[in-house]
Every structure is written in structure tokens, then in C-alpha cells.
1. Based only on other Cβ atoms within 10 Å, what is the fewest-to-most ordering of 59, 88?
2. Spelling out what I want: for every residue of the stretch 94-104, take phi, set θ = phi - 60°, compute 6.51 cos²θ - 1.76 cosθ + 1.60 (Karplus), and round to whole Hz; glycine and proline get x.
3. What list do you get for 76, 63, 93 if you sort them by fewest beta carbons within 10 Å?
4. I'd like the Karplus ³J(HN,Hα) series for the stretch 39-46: coefficients 6.51, -1.76, 1.60, θ = phi - 60°, whole numbers in Hz, and an x wherever there's a Gly or Pro.
5. Could you give the dipole magnitude of the stretch 50-94 about its Cα centre, charging the beta-carbon of Lys and Arg +1 and that of Asp and Glu -1, in debye to the nearest 20?
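A short reminder: the numbers here are calculations on the coordinates, not readings from a lab. Nothing here was measured: the structure is a model prediction, and the numbers come from that model. Note that we place each Cβ from the backbone using ideal geometry, even for glycine, and neighbour counts take in every protein chain shown.
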Amino acid sequence: MSWRVGTLLLAAGILFSCATIRLGSWQQAQQAFNAGDYKQAIIYADNAMSYGQASRDERARATLLKAQSYEKLGQTDQAIALYAFVVREFADTAPAYQSAAALAKYQPERPARSY
């Protein structure tokens, strides 16, 4: 086997490993959130995004989960900032619509999609 093929196989293995670790961390984040362990959900969501190149949808979902976790922890300033970030950066995604609805609770006088 040439060194190029070996290098390509190694790179593919690393990418696969990062994706697998990211998926595992994402599942842990969701489980922690569902169990009411919001601080741990934030940590796992951050971990999920730190392995490899996360897709746009993965980043949107992880940021939404963090915003929801901060909201549950009573840290509304952080939650609002993250909800607004999701609406701005991922406008065409389902997490953006969920974030806009959450923002409307805090700022009902503003139209939900103007963040």
C-alpha cells in the first residue's frame, strides 16, 4: 500500500471517528436535557461541536439546546442571546423558528422574525 493510500485511509478514519464522537456527545446532550441536567446538557452540546466539522444543522440544533438549557437554568440573558444567534445565523432552519418563538415570550412587542 502506498503512503498516499495509507494517509487517505487514516484521514477517513479520523473523520469517521470525529463524526461518531460528535453523535455520541449529541445524544448525551439530549439525554441530559431530558433528565433535567441542564448544565451537563450544555457541556455535552459544546463537546459535540468540538469534534470535527459540524454541519450547519448540527450547529443550529446544539445552539438551540444550549439556549433552552440556559432558559431552564433561569439564565435568561444567555438564553436570549443564543436564541437570537440561532435566528440570525440559521434563519432557514427549524431551530431558528423554535428560537424565534422562544424569543417572542421575552419580547412580545417585536415581530418574531426580526432578530
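1. By the 10 Å Cβ count, ascending, the order reads 88, 59.
2. 4, x, 5, 5, 5, 5, 4, 5, 5, 5, 4
3. 76, 93, 63
4. 5, 5, 4, 5, 4, 5, 4, 4
5. So the magnitude is around 80 debye.
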